[in-house]
Amino acid sequence: MADRPVLLTVGNHTQRSLWAPLSETYRLAFMDGGSQGEAAGAGVADVLGLAAYADEAVIGQARAVAMIRANDVLNAIADGLVVDPEVNDLHGAGLAAWAGPSLYESWAATAGRISACSMLHQKEGVVGVLVHEDVTPMGRVAAQWGNAKGIPTLHLPHANHFSRAGTKDIHCSTTAQHLGVAGRYMRGWYSDCGVAEDRMTTVGMPQWDKYMDHEQMPTKAFARHALGIKDDMYVLTYATTWYQMTTVWGNDPEAYLEECFSRILWTALELDAFLIVAMHPGETAGQEGHYAQRIKEAGLHGAVTRTHNAHTMRAADCVVTQGPSNVGVVASMLGTPVVELYVPGARYPSYGPAGTWGEGLAQLIRDAVPNRHFADAMNDGLDGKATERAVEWVRALCPV
């Protein structure tokens, strides 16, 4: 077993279904310690952790490199480096007060990861790098390191992106050599971002295979029973979002999102609906209480949860997504109608769910119907076999 080559991966729950079948061909080395422990706990054999290859010598070297680079920046500031002359903390003493320590910490972490990757490769032999994103520090470093070493780098995106393709949005850039895309929409989106067709293979979205397992998914009646909803009630699920610069723009985005929730409450009252708030996992701790209190003050019956997505979408007569959420994709896969409540900066494609800035929302909800064409474009095939295709894609590009 130990003679199998190593596949380096960041580790993310969206690729959990791949770990066991990939472990039949490779030993998996995780950059993320939490994913490493989860894989080992699930019985994946011979799991490796990148941290094990960052010994004292590696860490010391990384810190030394980081210290040198941070000192270079401090010297440049002393020589007159100005990032923004209008902001006190971005020039002169203000910039010097924080730039050195901040850059040191960032470079030390990056240099440590690179050194550990090289040590892993030297001792074990890495034949491929698999990431769920290649634009944030850990995923980008992994892909850049693999590219520099001549090792195949594979990006299996964890979600469809709905900002305009080919812009300066960070998601429009790519670092890995190969892309395993979810469907026609994602292929077209990355093509518009300049990715060559021969770099892309359509595999589907592995983490969504479970939604195609009809024995595993709850029925509408079961989902309602589990959430304490009467069978004859009209059920509206609202999929929230959170403020982040790549998805919600405007002068006061948090106020805008609160205004949108007020509109949802009014619409639920108009429809005499049971309101489920399906929270984005990135929302701040304690936000559940805010939603629950406002539902109570509005005189509505409802439920608030960050989890149980299958139940919240199955129970619904319609799902309203705040912006172009992938929750709406999954709801469409499950056959539940979807309506989009717009946010500045991103939008479903023209063949996706109907949407509005708020006008006529209740009528759009009443008129909404399932959209299988949209679901199929987002997740090719809708056959529950994306994991199988993704594993074969990895094996073909990272031969043993």
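The values are calculated or read from the model by the stated rules, or taken from the named source; none is laboratory data. Model, not experiment: these values are computed from the prediction. Don't worry about glycine lacking a Cβ; one is built from the backbone with ideal geometry, like all the others, and counts go over all protein chains shown.
Could you look through the stretch 81-97, keep only residues that are of a type in the set (A, V, I, L, M) and not in a strand (DSSP E or B), and pick out the one that is farthest from Asn71 (Cα to Cα)?
Step one: of the stretch 81-97, the residues of a type in the set (A, V, I, L, M) are 81-83, 87, 90, 93, 95-97.
Filter once more, so that each one left must be not in a strand (DSSP E or B): 81, 83, 87, 90, 93, 95-97.
Values: Leu81: 13, Val83: 17, Val87: 22, Leu90: 17, Ala93: 15, Leu95: 13, Ala96: 10, Ala97: 13 Å.
So, considering only residues that are of a type in the set (A, V, I, L, M) and not in a strand (DSSP E or B), the one farthest from Asn71 (Cα to Cα) is Val87.
What is the residue count in the stretch 311-326 for residues that are surrounded by fewer than 22 Cβ atoms within 10 Å (Cβ to Cβ) and more than 18 Å from Lys230 (Cα to Cα)? If you could, list the steps in order and put the result at the bottom.
Initial filter on the stretch 311-326 (surrounded by fewer than 22 Cβ atoms within 10 Å (Cβ to Cβ)): 317, 326.
Cutting the leftovers down to more than 18 Å from Lys230 (Cα to Cα) gives us 326.
The qualifying residues number 1.
Hand me the list of helices (runs of 4 or more DSSP H) wholly inside the stretch 1-79 holding 2 or more residues that are exposed (fewer than 15 other Cβ atoms within 10 Å of the Cβ) and modelled with pLDDT under 95.
Details: elements: 16-22, 33-41, 56-78.
Of the helices (runs of 4 or more DSSP H) lying wholly inside the stretch 1-79, those with at least 2 residues that are exposed (fewer than 15 other Cβ atoms within 10 Å of the Cβ) and modelled with pLDDT under 95 span 33-41, 56-78.
Any residue that is under 23 Å from Gln144 (Cβ atoms), assigned to a loop (DSSP other than H, G, I, E, B), out of contact with any helix residue (DSSP H, G or I) (no Cβ under 8 Å at 6 or more places or on another chain) and without any contact (Cβ under 8 Å) to a residue 40 or more places away in the chain - is there at least one of those in the stretch 202-222?
Checked the stretch 202-222: no residue is under 23 Å from Gln144 (Cβ atoms), assigned to a loop (DSSP other than H, G, I, E, B), out of contact with any helix residue (DSSP H, G or I) (no Cβ under 8 Å at 6 or more places or on another chain) and without any contact (Cβ under 8 Å) to a residue 40 or more places away in the chain.
What is the number of the single condition among (1) within 27 Å of Arg187 (Cβ to Cβ); (2) of a type outside the set (Phe, Trp, Tyr); (3) in contact with a Pro (Cβ under 7 Å, 6 or more places away or on another chain) that Gly345 does not meet?
Failed condition: (3).
Out of curiosity, is Thr312 touching a strand residue (DSSP E or B) at 6+ places or on another chain (Cβ under 6 Å), part of a helix (DSSP H, G or I), within 26 Å of Arg263 (Cα to Cα) and among the hydroxyl-bearing types (Ser, Thr, Tyr)? Step through it out loud before you land on a result.
Working: touching a strand residue (DSSP E or B) at 6+ places or on another chain (Cβ under 6 Å): yes; part of a helix (DSSP H, G or I): yes; within 26 Å of Arg263 (Cα to Cα): yes; among the hydroxyl-bearing types (Ser, Thr, Tyr): yes.
Against the criterion (touching a strand residue (DSSP E or B) at 6+ places or on another chain (Cβ under 6 Å), part of a helix (DSSP H, G or I), within 26 Å of Arg263 (Cα to Cα) and among the hydroxyl-bearing types (Ser, Thr, Tyr)), Thr312 qualifies.
Kindly provide the set of residues from the stretch 360-381 that are of a type in the set (D, E, K, R) and either assigned to a loop (DSSP other than H, G, I, E, B) or touching a strand residue (DSSP E or B) at 6+ places or on another chain (Cβ under 9 Å) (or both), ordered by number. Show your work before the answer.
In the first step, residues of the stretch 360-381 are kept if they are of a type in the set (D, E, K, R); the result is 366-367, 372, 376, 380.
Result: Arg366, Asp367, Asp380.
Under 8 Å between Cβ atoms, at least 6 apart or on separate chains: pull out the pairs that start in the stretch 100-119 with a residue that is more than 13 Å from Asp72 (Cα to Cα) and end on any residue that is assigned to a helix (DSSP H, G or I) and of a type in the set (Phe, Trp, Tyr).
Between residues of the stretch 100-119 that are more than 13 Å from Asp72 (Cα to Cα) and residues that are assigned to a helix (DSSP H, G or I) and of a type in the set (Phe, Trp, Tyr), the close pairs are Arg113/Trp145; Ile114/Trp145; Ala116/Tyr53; Cys117/Tyr53; Cys117/Trp145; Ser118/Trp145; Met119/Tyr53.
Assess whether Glu359 counts as being within 26 Å of Met217 (Cβ to Cβ) and not basic (Lys, Arg). Even if it seems obvious, please write down each step before you answer.
Details: within 26 Å of Met217 (Cβ to Cβ): no; not basic (Lys, Arg): yes.
No, not satisfied.
Could you tell me which numbered condition His373 fails, if it satisfies all but one of (1) at pLDDT 95 or above; (2) surrounded by 24 or more Cβ atoms within 10 Å (Cβ to Cβ)?
(2)
Where residues in the stretch 198-216 are out of contact with any Ser or Thr (no Cβ under 7 Å at 6 or more places or on another chain) and of a type in the set (Asp, Glu), which of them is nearest to Leu397 (Cα to Cα)?
Asp198
For the stretch 101-121, state whether one or more residues are at pLDDT 90 or above, under 19 Å from Arg4 (Cβ atoms), among the aliphatic types (A, V, I, L, M) and touching a strand residue (DSSP E or B) at 6+ places or on another chain (Cβ under 8 Å).
The answer is yes; a qualifying residue exists.
Name, by its number, the condition in (1) within 23 Å of Phe162 (Cβ to Cβ); (2) touching a helix residue (DSSP H, G or I) at 6+ places or on another chain (Cβ under 6 Å); (3) among the charged types (D, E, K, R) that does not hold for Glu283.
(2)
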